[in-house]
Amino acid sequence: MALPATDTFTGTDGDLLSASWTNNLNHFHINTNGVILGVNDNCNAHWNADSFNNDQYSQITAVALATANYIGPAVRVATSANTHYRYISASNQRLLQRTIAGSETNLAASTGLSVNDVMRLEASGTTITPKYNGSTDAGLGAQTDDGIASGYAGIGGYGYTTTRGDDFEGGNLGGGTSVSSSVSSSVSSSVSSSVSSSVSSSPSISSSISDSVSSSISSSRSSSISASPSISASVSASISASVSASPSISASISASISASISASISSSVSASPSISASVSASISASISASISASVSASPSVGYKNYTRGDYAVLPTNYADLETAYSAQDVIDVATCNDTRVNQSATGEYAIHEYKEFANVVPANNECYVRWQGQTDVDPSISPIYLQIYNNDTNVWDTINKVPLDYGDPLPYAGSTSYYVSPGANVDFDLTASVPDLTNYTLANIVSFRVYQYAP
């Protein structure tokens, strides 16, 4: 997505907020096409679909207010801890508050606002400024506080009853995004990944991601399928696949990604690719008389299709990305080394997408994914996502990410998950187990992608 972030909270009463939100404390839900607190207590949430500069704002319209029941915008919200600044109002009182690890401090207080007032909170350096209807809130005033330096835009509140907000907006002050320092002269993310997959009676996938990453994918088909990819802000990736009785999948992704694919096919097929924000890739294939690695109108065992690109807005479908891996790209990522294929991105998403053939049958439709790598853009600034395309709902399902928030509804996340960012240029593993691929295949093709937003 791209800033400013917006949400009109349209939906069915009682629904939780969309996947673009992470609940830091308790939860909110939809009510009368607005947002309302889900419990009679403190509630806080942040917008997770975009990264924000330290100087940022959040605003929301107070469409209904009740006594001692508050709602309003929040800034510099932590990824998981109950830490934030918030500007909240009930019908009888409004507050400017700072909360650090659950310890709450009132910075200013005054009487309540009115229904349909637009509440806005800005954080610029150490100046925290509450506004409503376009002007600084004279009753509270701009406050100086250095307790919280960074985070995400979000919303907060206290109480329950009928207090309700609508028309959220969050963004960076100054109208743009910039990063003062980066690994090179500009901010970009690259990912290298390695994927190995073997398929037969039960498929499994393992993958890895790194900020400066090399990735490889290998798949061997016998009694099971496994795949491993990797992602990084600067990434190299390789994929190798060997196929026998059953299909296998391998892939890699990175914000800046290098990738290569090599395939040799006889009784087995091997291919290796990689992806990055700045990506190059190559493919080489030697084929015996019994198996062909070429793609026909009807994909079959051994089919692989790897693409990459940088996009201002995340694609919502599984169409091929703007740049296909070249034959040389596939060669370059055939092994995990310092030869990388890069996909550069600045102010956009660096994406690598992998499509593989999986011989899914009722007794052979499980997938295990392992993702390993590193990034040169700290995931606490810009999270890394591993996703699989759901052909039933026509959306990309997140199966793991780093860092993982405690409230994230990720039913497939494996045992290796990071609730605290591992940092930049540090190897890490992510795993996911998809017990049933029924909704994730179309003509026996499974689509994965790894991406990171480059501020």
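Brief remarks follow.
- Every pair of residues 6+ apart whose Cβ atoms lie under 6 Å, when the first sits in region 82-97 and is in contact (Cβ under 8 Å) with a residue 40 or more places away in the chain and under 14 Å from TYR132 (Cα atoms) while the second is open to solvent by 10 Å² or more (accessible area, probe 1.4 Å) and of a type in the set (Asp, Glu): none
- When TYR389 is tested against the conditions (1) at pLDDT 70 or above; (2) open to solvent by less than 30 Å² (accessible area, probe 1.4 Å); (3) in a loop (DSSP other than H, G, I, E, B), the lone failure is (3).
- Considering region 62-88, the residues that are of a type outside the set (A, V, I, L, M), touching a strand residue (DSSP E or B) at 6+ places or on another chain (Cβ under 8 Å) and surrounded by fewer than 24 Cβ atoms within 10 Å (Cβ to Cβ) include one that is farthest from ASN172 (Cα to Cα), namely ASN69.
- Selection from region 410-455 of residues that are open to solvent by 10 Å² or more (accessible area, probe 1.4 Å), at pLDDT below 75 and not charged (D, E, K, R): LEU410, PRO411, TYR412, ALA413, GLY414, SER415, THR416, SER417, TYR418, TYR419
- Assessment of region 109-120 against the conditions (open to solvent by 50 Å² or more (accessible area, probe 1.4 Å), farther than 21 Å from ILE36 by Cα and within 30 Å of the chain's Cα centre (by Cα)) yields no matching residue.
- Which numbered condition SER51 misses (of (1) farther than 13 Å from GLU169 by Cβ; (2) modelled with pLDDT under 90): (2)
- Filtering ALA327, ALA358, ALA289, ALA281 for residues that are open to solvent by less than 30 Å² (accessible area, probe 1.4 Å), at pLDDT below 85, more than 23 Å from ALA432 (Cβ to Cβ) and among the aliphatic types (A, V, I, L, M) leaves a single hit, ALA281.
- Listing of strands (runs of 3 or more DSSP E) fully contained in region 24-81 that carry 2 or more residues being among the polar types (S, T, N, Q) and closer than 24 Å to LYS401 by Cβ: 56-64
- Residue count, region 89-105 (criterion: open to solvent by 20 Å² or more (accessible area, probe 1.4 Å), within 33 Å of the chain's Cα centre (by Cα) and among the polar types (S, T, N, Q)): 2
- Any hit, region 141-151, residues being of a type in the set (Val, Ile, Thr), open to solvent by 10 Å² or more (accessible area, probe 1.4 Å), part of a strand (DSSP E or B) and within 18 Å of GLY171 (Cβ to Cβ): no
- Residue count, region 125-139 (criterion: buried (at least 19 other Cβ atoms within 10 Å of the Cβ) and assigned to a loop (DSSP other than H, G, I, E, B)): 1
- The lone criterion from (1) part of a strand (DSSP E or B); (2) in contact with a Phe, Trp or Tyr (Cβ under 9 Å, 6 or more places away or on another chain) left unmet by GLU104 is number (2).
The values are calculated or read from the model by the stated rules, or taken from the named source; none is laboratory data. None of the values given here were measured: they were computed from a predicted structure. With ideal geometry, Cβ positions are generated from the backbone for all residues, glycine too; neighbour counts draw on all protein chains shown. Please note that ligands, DNA and RNA were not included when accessible areas were found on the heavy atoms of the full protein model with its side chains. Shrake-Rupley method; radii C 1.70, N 1.55, O 1.52, S 1.80 Å.
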